[in-house]
Amino acid sequence: MNDPSALGKALEERARSTQNDETKALYERMMSQMDASSDKVAAAHEKSADRTERMFSQGMQAMSGQQQGAVDVERSAADRMERMSDRAMDQMGNVAATRARSGQGESVATQAGAGKVQICSKCKQKVDSAENFCPNCGNKMY
């Protein structure tokens, strides 16, 4: 008999059918061991369930932290792109304004011969000293 419950039932029947104290004692001992074993198994199951729940919670927290980190990185990248786009648009506006002014004022300054000339550090073109930006490349003049 390898089945513990079948063995227990057989001992229980024998203990009830006979008045043998040894059989009854053996049955009582087996029952107390089974109760202790059941308590240990229940405690082990509870401990395992608690550990599994803790691990699941830690995993969820880690995943949540990773998701928040990804959201922060995305938000930062979007902000950076917006700032770069704004600067590019400002730069394009300044270049357009400078070109528009230099196209109108070039003949006047040349005719008057009054403009000092600077060299753009980026494209090496001559730029009137009154200009804030190079009309060729848009580089800021100092």
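Worth pointing out:
- Scan of the range 96-125 for residues that are surrounded by 12 or more Cβ atoms within 10 Å (Cβ to Cβ), charged (D, E, K, R) and at pLDDT 90 or above, ordered by number: 122
- Flag if residue 42 is under 30 Å from residue 133 (Cα atoms) and assigned to a helix (DSSP H, G or I): no
The values are calculated or read from the model by the stated rules, or taken from the named source; none is laboratory data. Bear in mind the structure is a predicted one, so any value in this text is a computation, not a measurement. A quick note on method: Cβ atoms are made from the backbone with ideal geometry, for glycine too, and the neighbour counts reach across all protein chains shown.
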